[in-house]
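These notes are about the structure you will find just below.
The values are calculated or read from the model by the stated rules, or taken from the named source; none is laboratory data. Note that the coordinates shown come from a computational prediction; the quantities given were computed from them, not determined experimentally. Glycine gets a Cβ as well: all are built from the backbone with ideal geometry, and neighbour counts include every protein chain shown. Areas reflect the complete protein model, heavy atoms only, side chains present, ligands, DNA and RNA absent. Shrake-Rupley method; radii C 1.70, N 1.55, O 1.52, S 1.80 Å.
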Amino acid sequence: MAMEVTQILLNAQSVDSTVRKHSEETLKQFQEQNLPGFLLSLSGELANEEKPVDSRKLAGLILKNALDAKEQHRKFELVQRWLSLDMAVKAQIKTCLLQTLSSPVPDAHSTASQVIAKVAGIELPQKQWPELIGSLLSNIHQVPAHVKQATLETLGYLCEEVSPEVVDQDQVNKILTAVVQGMNAEEGNNDVRLAATRALYNALSFAQANFNNDMERDFIMRVVCEATQSPEVKIRQAAFECLVSISSTYYEKLAPYIQDIFNITAKAVKEDVEPVALQAIEFWSSICDEEIDILEDFGGDFTADSDVPCYYFIKQALPALVPMLLETLLKQEEDQDQDEGAWNLAMAGGTCLGLVARTVGDEIVPLVMPFIQENISKPDWRQREAATYAFGSILEGPSPDKLTPLVNVALNFMLTALTKDPNSHVKDTTAWTLGRIFEFLHGSTVETPIITPANCQLIITVLLQAMKDAPNVAEKSCGALYFLAQGYEDMGASSPLTPFFQEIVQALLTVTHREDAGESRLRAAAYETLNEVVRCSTDETAPMVLQLAPIIMTELHQTLEGQKLSSDEREKQSELQGLLCGCLQVIIQKLGASEPTKFVFMQYADQIMNLFLRVFACRNATVHEEAMLAIGALAYATGPDFAKYMPEFYKYLEMGLQNFEEYQVCAVTVGVVGDVCRALEDKILPYCDGIMTQLLKDLSSNQLHRSVKPPIFSCLGDIAMAIGENFEKYLMYAMPMLQSAAELSAHTSGADDEMVEYTNLLRNGILEAYSGIFQGFKNSPKTQLLIPYAPHILQFLDSIYMEKDMDDVVMKTAIGVLGDLADTLGSNAGSLIQQSLSSKEFLNECLSSDDHLIKESAEWAKLAITRAISV
């Protein structure tokens with residue numbers, strides 16, 4: 001069955017594209033015509049010591065890709081395909097793989113490790129290949145170091161692929177023993193120690209029982225801490241990565257070790273190379289994350305039922321931790337502001353300082369202020385920048401009372417620095433810090449305003465001036481203006497920004513036209529800020545927003561004029577189109593929100609819609625998403641008049657609903673269908689067959705990303721509300737779908753947080769669909785068509801009430817559905833509701849809810865139920 005593939009694999013890596021394409025084609029045909037032979041040939045190639053390393057490595061890679069894929073549905077197909085292969089073929093492949101672990105060629109044994117783990121990921125959950133772990137463990141005692149290394153690597157990958165409940169505790173103990181022994185200082189070979197340390201990182205999630213045992217935990221912690229002192233950099237880095245993982249997985253077990261860990265991390269931050277020092281800081285950032293979560297969940301008062309108490313590690317370490325972090329702020333890199341992905345000691349230290357501030361609040365301020373005062377005016381830019389960064393980092397967490405007096409002193413200093421400091425780094429960080437001041441200490445909720453009539457003009461003048469600076473400084477200044485505008489959002493009739501509105505808009509438009517606006521995300525930042533300035537503006541400036549509309553329309557029009565572009569230019573142009581559509585969306589929402597401006601604005605509606613339709617002709621997902629959202633806003637603003645655009649727009653709506661690949665576009669389109677339903681009401685009827693067909697197809701597809709399904713269910717409700725009793729012909733298709741989804745989402749026991757969150761989104765979508773259908777049929781002679789579905793809906797409400805894991809959103813929708821049922825079906829529902837298991841309890845629970853929206857829904861439902869029962 002197997003065949004000679006060496007030459008084909010080598011040709012597939014050829015520089016000559018014709019040779020490469022031909023061999024890729026040959027491999028593809030071989031795989032399609034004879035899968036078992038194909039996989040056997042590859043595993044034979046990988047295991048054969050006489051073959052060239054390049055062909056062996058590629059053989060292993062193709063094998064790995066035959067077992068796994070990124071897309072869920074493709075992965076599922078590959079798993080099924082492997083499981084249905086002949087046992088003998090699989091056995092032979094697995095023998096080749098295990099044999100390759102002993103290969104002295106690093107590329108071969110390391111590729112085999114990954115493939116074995118992929119096979120284990122498929123077979124172990126099916127109770128197949130039970131001897132694998134045993135045979136790997138017997139390899140550990142092999143003499144050649146490379147066999148030990150390859151085996152430990154395999155165990156590490158295996159722990160990454162398989163979930164803990166698949167491996168029994170006895171085998172977990174043996175794996176951990178082997179891994180920890182491989183990490184021990186007595187192990188002479190560094191490759192083995194490194195493989196073992198990396199394997200432990202993946203095996204930590206399996207070690208629950210071992211971490212509950214004091215002796216075993218002490219032993220693991222000792223070995224990890226010793227590995228952080230290894231002479232080999234990569235081992236030290238891997239050991240600190242283990243500590244970071246332990247800090248989040250086993251936070252509640254750390255108390256006995258925290259002092260030692262502090263000493264080890266402090267030494268690493270001070271003396272070790274950057275990759276190691278970064279992990280040492282990451283440990284403390286991770287502890288902050290844990291404590292912030294615990295304190296947020298339980299609001300600081302620990303009752304007996306809280307899962308994990310807060311050990312206040314950060315609070316205890318403060319006096320030593322803060323000086324250590326402040327020290328790192330002086331280790332900046334010359335060009336870090338220009339490089340988008342930059343990450344270095346100073347940035348890690350500042351990020352950690354910010355998390356410490358959120359963890360301990362006011363207590364951090366006196367520890368940081370002396371550092372700021374000492375360095376803020378120093379001649380060396382590093383000291384000025386570090387002081388500014390420290391100040392910006394502690395603005396979230398401490399109370400406004402504590403910070404406001406300090407900010408009042410610092411503000412003028414910062415404004416001067418932003419205009420006059422000779423160093424671009426200092427300006428960049430100053431603008432960022434101003435943005436943080438406006439984000440956390442300015443707005444309707446803050447009692448003492450930082451921005452007053454006295455300094456408002458100066459602030460705006462300085463920010464607009466700084467927008468002409470280098471792209472990175474200008475981008476941060478746009479950000480500061482964004483938060484400045486946002487803080488005035490709830491000002492009602494007049495905003496202090498009103499007198500400067502025209503000047504601000506003009507300055508932002510000028511930024512978008514800068515030659516260098518492509519650097520440092522500057523153009524995007526300018527449009528985001530422009531949108532926020534428009535969104536938070538008041539009625540006084542509406543005429544100016546009206547004048548902005550044709551300007552943005554003209555710019556969008558210019559991007560659509562057909563010039564031949566290179567792919568690089570086309571990408572830039574697509575980005576610009578997306579930004580302009582986003583800007584028009586905000587303008588439409590702003591002007592459509594009040595009658596006088598809406599009336600004037602409607603003169604542009606045809607032109608705008610025309611531009612959006614032309615944007616759809618350009619193939620680009622991000623732009624389609626932005627244009628869809630803007631059309632949704634236009635539909636909402638134009639109401640029933642939107643009907644005239646439907647003949648042209650419908651095909652793009654249908655295309656969006658069919659776009660499984662770019663599922664965000666699909667999700668946004670579903671939302672727009674809802675907007676259009678609300679705008680057109682029964683005028684949408686002629687398009688419903690097509691829309692419903694596509695939505696039901698989307699629901700039954702296993703290729704569409706699951707996140708799109710909840711909004712599709714809600715959308716069924718929007719359609720039913722719009723067309724009322726005309727929804728009758730869709731009931732026989734929609735109701736069974738809703739029922740089966742409801743059954744799936746009713747029970748979540750044993751699900752992780754992410755799954756529970758998704759389930760709640762799904763339940764909410766299903767309930768919104770039911771609610772829309774019942775409200776749509778209300779007062780129609782056809783309501784009796786819904787009676788057969790009522791028992792199932794009540795049963796669904798019962799079961800999710802019993803599960804006790806509803807979030808507030810679902811609770812509000814659920815009690816609403818109970819009300820809709822009673823309201824639409826009247827006496828037909830009365831007796832059913834009386835018989836249902838938990839309706840009464842559920843209603844009472846909602847009536848006494850703290851959430852006033854739930855309470856309001858419940859009071860309405862109670863009225864409806866009372867009426868239905870008394871008939």
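Ignoring ligands, DNA and RNA, what percent of the accessible area of the chain is carbon or sulfur (1.4 Å)?
52
Only four residue types carry charge here, +1 at the Cβ of Lys and Arg and -1 at the Cβ of Asp and Glu. Report the dipole size of the chain about the Cα centre in Debye, rounded to the nearest 20.
1360
So, by mean Cβ neighbours within 10 angstrom, what's the order for 45-55, 70-80, 350-360, 232-242 with the highest one leading?
On the way: 45-55: 17.7, 70-80: 12.5, 350-360: 23.6, 232-242: 21.9.
Packing order, densest peptide first, comes out as 350-360, 232-242, 45-55, 70-80.
Can you give the charge dipole size of the range 93-208 about its Cα centre, rounded to the nearest 20 debye, using +1 on the beta carbon of Lys and Arg and -1 on the beta carbon of Asp and Glu?
120
Using a/c under 1.5 as the rounded threshold, could you call the range 1-70 rounded, prolate or oblate? The axes a ≥ b ≥ c are square roots of the C-alpha gyration tensor eigenvalues, and prolate needs a/b larger than b/c, oblate otherwise. Mind showing how you got there, number by number?
Details: a/c = 1.39, a/b = 1.11, b/c = 1.25.
In terms of gyration-tensor shape, rounded.
Can you tell me which of 626-633, 35-42 comes out highest on packing, and rank the rest after it, using the mean Cβ neighbours within 10 Å?
By packing density, highest mean first, the sequence is 626-633, 35-42.
Across 10 Å bins from 0, what is the distribution of all Cα-Cα pair distances for the chain, in whole percents?
Spelled out per bin, shortest first, that is 2, 10, 14, 18, 22, 20, 11, 3, 0.
How large is ³J(HN,Hα) for each residue in the range 266-276, as worked out from phi by the Karplus curve 6.51 cos²θ - 1.76 cosθ + 1.60 (θ = phi - 60°), to whole Hz, x for Gly and Pro?
4, 5, 5, 5, 6, 10, 7, 5, 3, x, 6
Let me check against my output: what whole-number percent is the relative contact order of the chain, with C-alpha pairs under 8 Å and at least 6 apart?
4
HN-Hα J couplings of the range 730-744 from phi, Karplus 6.51/-1.76/1.60, θ = phi - 60°, integer Hz, Gly and Pro as x?
The phi angles translate into 8, 4, 5, 8, 6, 4, x, 5, 4, 4, 5, 5, 4, 4, 4 Hz.
Hey, what's the chain come to in accessible area per residue, 1.4 Å probe, Å²?
Spelled out: the 1.4 Å probe surface of the chain, per residue, equals 45 Å².
If each DSSP helix of 4+ residues adds -39,500 (n - 2.57) and the sum is divided by the residues in the chain, what number results at 222 nm, nearest 500 deg cm²/dmol?
Roughly -23500 deg cm²/dmol at 222 nm, from the helical runs in the chain.
Looking at the calculated P(r) for the range 246-298, what percent of the C-alpha pair distances fall above 14 Å? It would help to have the intermediate numbers written out before the result.
Numbers: 775 of 1378 pairs.
Considering the range 246-298, 56 percent of its Cα-Cα pairs are separated by more than 14 Å.
Given +1 on the Cβ of Lys and Arg, -1 on the Cβ of Asp and Glu, and no further charges, what dipole in debye does the range 332-426 carry about its Cα centre, rounded to the nearest 20? Display every interim value, and only then the final one.
Values: 6 positive and 14 negative charges, 76 e Å.
That gives a dipole near 360 debye.
Would you mind checking the pairs K378/K427; K118/K174; K127/K253; K590/K644; K57/K148; K420/K590 and listing those with alpha carbons more than 26 angstrom apart?
Long pairs (Cα-Cα over 26 Å): K127/K253; K420/K590.
Just check the range 1-140 against the gyration tensor rule for me: Cα atoms, a ≥ b ≥ c as the square roots of the eigenvalues, rounded for a/c under 1.5, and otherwise prolate or oblate depending on whether a/b exceeds b/c.
It is oblate, given that a/c is not under 1.5 and a/b is not larger than b/c.
From zero up to wherever the largest Cα-Cα distance of the range 778-835 sits, split into 5 Å bins and tell me the percent of pairs in each.
For the range 778-835, the pair-distance distribution reads 4, 17, 30, 22, 15, 8, 3, 0.
May I ask you to evaluate 6.51 cos²θ - 1.76 cosθ + 1.60, the Karplus curve with θ = phi - 60°, for each residue of the range 381-390 and list the ³J(HN,Hα) values in order in whole Hz, giving x for glycine and proline?
Working through the residues one at a time gives 4, 4, 6, 5, 5, 4, 5, 5, 5, 4 Hz.
Can you tell which of Y201, Y527, M324 lies farthest toward the positive end of the dipole of the chain, using +1 and -1 charges on the Cβ of basic and acidic side chains (Lys, Arg; Asp, Glu)?
Value: Y527.
State, as an integer percentage, the relative contact order of the range 220-363 based on alpha-carbon contacts under 8 Å between residues 6 or more apart.
RCO, the range 220-363: 23 percent.
For the chain, with the dipole built from +1 on Lys and Arg beta-carbon atoms and -1 on Asp and Glu ones, taken about the Cα centre, which of L415, H146, V233 lies farthest toward the positive end?
Positive-most Cα among the choices belongs to H146.
Using only the Cα atoms of the range 405-498, what do you get for the radius of gyration and for Dmax, in Å?
Values for the range 405-498 (Cα only, Rg and Dmax): 12.7, 41 Å.
Determine Rg/Rh for the range 387-439; Rg is computed over alpha-carbon atoms and Rh is the Kirkwood hydrodynamic estimate from the same atoms. Walk me through the intermediate numbers first.
Numbers: Rg = 10.7 Å, Rh = 11.2 Å.
Rg divided by Rh gives 0.96.
Out of every Cα pair in the range 702-858, what percent are spaced more than 26 Å from each other?
22
Got a sec? Charge dipole of the chain, +1 on Cβ for Lys and Arg, -1 for Asp and Glu; which of H792, Q126, S41 is way out at the positive end?
Most positive-ward Cα: S41.
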